Amino acid sequence: MIMKKLILTLSIFSAAGLTMAQAPDDALRLSLNRPIGTARSLSLSNAVGALGGDYTSIGINPAGVAVYRSSEFTFTPSLTINNTNSNYYGYSADDDKISFPLQQIGFVGTYRPMREVTSGLVSSHFSIGYQRTADFNRRSFIQAYKVPSSLLDEIVYQAEGLSPNEMYSFPRIRVMYDSYLIDPLNEDVYDDHDLPTGYYHAFEELDENGQPIWGLPEGLNQKRLITESGSAGEFHIAGGLNFSNKVYIGGLIGIAVENYKRTISHVEVVNTANNNWNYLFNYELNDHLTSSSVGVNLKVGVIYKPVDPVRLGFSFHSPTLYSVDEEAYYKVTPQSGYTEEGSFRSDIQEYSYNFRTPYKANASAAFVISNKGLVSVDYEFTDYDAMRFKDRSTSSADNTSYYNDLNNDLKKFFKPSHSVRLGAEFRPAEVISLRGGFSWTQNPYSSYLQNKTELMTYSFGVGYRMNNMYIDLGYMLRDQDYDYSLYYSGFVADEYQKMAKMKNKDHIVAVTLGWRF
């Protein structure tokens, strides 16, 4: 029952024509921070919070900027291959997408007023640059045959109690109504007349009592293609101080940017075994969303060396305060028999709102074995149930009430999440480093909405140092399974509207080129 209520809440967000970023999954999209970073950091699965001296470490623990011994410039191109496998009603499908993102580019400046000083203020440091924090490039394909339900079941369920005029506030429902994919049960209903007694859809028939019944004993053939693109990143300015080569402190101001585009193509075709069906033959729904966001955040951190081989780190990340602008529209193309009926498109809906991501805290430790290698571990706590939407306008009581209800639902959907990252480096020769890493990130969904498993990463790499230049090569595999609901209707039994089982893998190769001076 709780699961049904939660899925219903999700479907209401979609029905209202609200942007997907105002549904829980997309609140999470704005909040996730999964940097690849430099090839060295990638090879260590980003377990670099206590190490410092690496550009990615500055974004995890800003005190890492104070560990640098010289000035440095780095940039990291990469290759990402995303593969997604789906299993829906026993039918398997695969799709993939290749992208070539720039993971980071940055400069670190080091100033030592007196090189022989070893106590007190030894050096000061600053850094400026860009680092990608999330990659949204993905294609997911789902298909099955003889499915005993339809996306239109959800539309009818959401339309219950609405007049046709009220549907203009719910553009996805309205475009289905305009394309005659749903109709009122009672006759002579017009946009400005009384409420209908309910709706039925184009794959249903009316029994002798005028009630809708499923009209396709052999079901529907369904296909859905989800195409996502875009990224999130952070431009930052950071500064740090080195005291006695034992205490390193740092701070960072970040300007976060996010661009996201998602297109869903959902197709339903009457299975040819339904020999007596003479009505709607198939239709396609296209759901388009674009989102752009700009935000600001603050990070502070410290690294402490109680004894020379041991490094302890702690950092705190404030919430990112985002300003979000989105556009969305729907397009439906129905086909009766073998005759296309033309396309129906909703107006472009524009939305603007503010969003606050959760705060994060990171604790880390590393053991450095002289010039022979190191072992490092990071622990990160993220309070996902602290995510909040907020209306940009404070003058509307209705909007304030809506966002208050939405934020209360976010508290139900999400819980604090924990992450552990492990990394190790071995130097068989002075100029060669071999690296490996592993990380585990807990599912942030609350216990009664466990539709995603933990995220696991596995990584390894190699580095080569030569005078004032170095090159690092790293590989990471990100692996996660999750459930995906194509639609939900309270009028249909659960066994007739199954979720798709999804497996997502990202293969990432990165190369970092660095110069010290």
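The values are calculated or read from the model by the stated rules, or taken from the named source; none is laboratory data. Because the structure is a prediction, the values reported are computed rather than measured. So basically every Cβ, Gly included, is an ideal-geometry build from the backbone, and we count neighbours across all protein chains shown. Accessible surface areas use protein heavy atoms only, side chains included; no ligands, DNA or RNA. Shrake-Rupley method; radii C 1.70, N 1.55, O 1.52, S 1.80 Å.
Cβ under 14 Å from residue 292's Cβ, residue 292 left aside: what net charge do those residues give with Lys, Arg +1 and Asp, Glu -1?
Charge balance near residue 292 sits at -3.
Given the DSSP H assignment, sum -39500 (n - 2.57) over each helix run of at least 4 residues in the chain and divide by its residue total; what's the result at 222 nm in deg cm²/dmol, nearest 500?
When only DSSP H runs of four or more count, the value is -3500 deg cm²/dmol.
What's the extension gain from residue 375 to residue 237 if we count 0.36 nm per residue and subtract their Cα-Cα distance?
46.8 nm
Mind checking which lysines have their C-alpha under 22 Å from residue 331, skipping anything on the same chain fewer than 8 residues away?
Excluding near neighbours in sequence, the set is 223, 261.
Output needed for the stretch 283-334: three equivalent-ellipsoid semi-axes, defined as square roots of 5 times the C-alpha gyration tensor eigenvalues, in descending order, whole Å.
48, 15, 5
Taking 25 Å as R0, compute the FRET efficiency from the Cβ-Cβ separation of residue 261 and residue 335 and round it to 0.05.
0.40
Enumerate the lysines that residue 246 could reach by cross-link, defined here as Cα to Cα under 23 Å, with residues fewer than 8 away along the same chain left out.
Residue 246 reaches 299, 305, 372.
Check residue 486: other-chain or 5+ apart residues with amide H under 5 Å from its amide H, H built from backbone geometry?
Residues meeting the criterion, in which the H sits 1.01 Å from N, are 500.
Bins of 5 Å, beginning at zero and ending with the bin holding the largest distance: percent of Cα pairs per bin for the stretch 309-419, please.
Going out from 0 Å in 5 Å bins, the stretch 309-419 shows 2, 9, 11, 12, 11, 10, 9, 8, 8, 7, 5, 3, 2, 1, 1, 0 percent.
Provide the descending list of Cα extents for the chain along its principal axes, expressed in whole angstroms.
95, 51, 37
Work out the length of the dipole vector of the chain about its Cα centre, built from +1 on the beta-carbon of each Lys and Arg and -1 on the beta-carbon of each Asp and Glu, and round it to the nearest 20 debye.
Using Cβ point charges on Lys, Arg, Asp and Glu, the chain gives about 3880 debye.
Report the rotationally averaged projected area of the stretch 109-237 based on its alpha-carbon convex hull, in square nanometres.
So the mean shadow area of the Cα hull is 15.5 nm².
For the stretch 396-473, list log₁₀ I(q)/I(0) at each q in 0.24, 0.27 Å⁻¹, using the Debye formula over Cα point scatterers of equal strength and ignoring solvent, two decimals each.
Debye curve over Cα of the stretch 396-473, log10 I(q)/I(0) at q = 0.24, 0.27 Å⁻¹: -1.04, -1.14.
Along the charge dipole of the chain, Cβ charges K/R +1 and D/E -1, which of 310, 43, 87 sits furthest on the positive end?
In the chain, that residue is 310.
If you place +1 on the Cβ of every Lys and Arg and -1 on the Cβ of every Asp and Glu, how big does the dipole about the Cα centre of the stretch 229-301 come out, in debye to the nearest 20?
So the dipole magnitude of the stretch 229-301 works out to roughly 460 debye.
If amide H atoms are built 1.01 Å from N in the plane of the peptide, which residues on other chains or at least 5 residues away come under 5 Å of the amide H of residue 443?
Amide H to amide H, under 5 Å and 5 or more residues apart or across chains, residue 443 pairs with 454, 455.
Hey, rough spin-label estimate for residue 359 and residue 296, points 7 angstrom out along Cα→Cβ, what's it come to in nanometres?
Label-label distance for residue 359 and residue 296, simple model: 1.8 nm.
Rounded to the nearest whole Å², what accessible area per residue is found for the stretch 80-237 with the 1.4 Å probe?
46
Over all Cα pairs of the stretch 27-126, how is the pair count split among 5 Å bins, expressed in % and running from 0 up to the last occupied bin?
2, 11, 16, 17, 15, 11, 9, 6, 5, 3, 2, 1, 1, 1, 0
Within 10 Å of each candidate Cβ there may be at most 15 other Cβ atoms; applying that plus a DSSP loop requirement, which chymotrypsin sites (Phe, Trp or Tyr not before Pro) in the stretch 310-372 survive?
Those that pass, being in a loop and sparsely packed, are 338, 359.
Leaving ligands, DNA and RNA out of it, report the carbon-plus-sulfur percent of the accessible area of the chain at a 1.4 Å probe.
Using a 1.4 Å probe with all protein chains present, the chain comes out at 56 percent carbon and sulfur.
Report the chymotrypsin sites (Phe, Trp or Tyr not before Pro) located in the stretch 21-116 that are in a DSSP loop and have at most 10 other Cβ atoms inside 10 Å of their Cβ, or state none.
none
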